[in-house]
Every structure is written in C-alpha cells, then in structure tokens.
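Worksheet for the structure shown next.
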Amino acid sequence: LAYVEESIARKPWGWSTRVQLYTTMAEAKAQVPPAMAILEENADGVLLRCEVDDLRQYALFLLGLPWEMKILAPVELQDAMADVAKRAIALATPN
C-alpha cells in the first residue's frame, strides 16, 4: 500500500511544489495524507513535496496545517496564498 500511495504522490500534475514545514516527521505524517505528498526529513524539519493542479486549493490545504512553514517553490504558490489571504480578509471585514 505504501508503494501505491507514494506512486500517486509522485505522479506529475500541473505544478511541482516544495514547502518547508517547521515540525517533526511524526507530526507531518499525522496531518499530510501519504498519497498526497512526499515528506522528507531535513535539518529544519520536514520538506513537503507535492504535485498539484490547483495552487489555490493547495494554498487552502496549507493554511489548515498547524505549523510555521515557508513556500520554496513555485513563486506562483506564494501568489495563490496571497489571493486566499485577501479573500479571507475581505470576508472577515464587516461591510
């Protein structure tokens, strides 16, 4: 089963993303489905590599994770995150 999940996670979609998660591997594995992404432990925590079609939806997923993080690639994911943040601020602002 692990092989199948990793194969799905490695399947190229539209965008190859890399996000540094400042957490432990155990915590990352508890929150990130194995078929969704490849997790690699490093000196700073965990590198999350994921192939996605919709950067905006992925930005929403990342916002649901409880840790500090840094978007490494692509820069368009940063743009998608900014768009999601603007929408959240607009919805949270009284008319």
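The values are calculated or read from the model by the stated rules, or taken from the named source; none is laboratory data. Values in this document were obtained by computation on a predicted structure and should not be read as measured data. Counting neighbours? That spans all protein chains shown, and the Cβs are built from the backbone with ideal geometry, glycine included.
Looking at region 1-27, which of the residues that are part of a helix (DSSP H, G or I) and more than 23 Å from Leu60 (Cβ to Cβ) is modelled with the lowest pLDDT?
If we take residues in region 1-27 being part of a helix (DSSP H, G or I) and more than 23 Å from Leu60 (Cβ to Cβ), then Val4 is modelled with the lowest pLDDT.
Pick from region 33-48 the residues that are closer than 15 Å to Ile71 by Cβ and in a loop (DSSP other than H, G, I, E, B): which of them is modelled with the lowest pLDDT?
Applying the filter and picking the extreme gives Ala37.
Criterion first (assigned to a loop (DSSP other than H, G, I, E, B), among the hydrophobic types (A, V, I, L, M, F, W, C), in contact with a strand residue (DSSP E or B) (Cβ under 6 Å, 6 or more places away or on another chain) and at pLDDT 95 or above) does Trp67 satisfy it?
Yes, satisfied.
Which number in (1) exposed (fewer than 12 other Cβ atoms within 10 Å of the Cβ); (2) within 12 Å of Trp15 (Cα to Cα); (3) hydrophobic (A, V, I, L, M, F, W, C) marks the one condition that Val52 misses?
(1)
Among residues belonging to region 55-75 that are over 23 Å from Met25 (Cβ atoms) and loosely packed, with under 13 Cβ neighbours inside 10 Å, point out the one that is nearest to the chain's Cα centre (by Cα).
It comes out as Gln57.
Which of the numbered conditions does Pro94 fail, given that it passes all the others? Conditions: (1) without any contact (Cβ under 8 Å) to a residue 24 or more places away in the chain; (2) in a helix (DSSP H, G or I).
(2)
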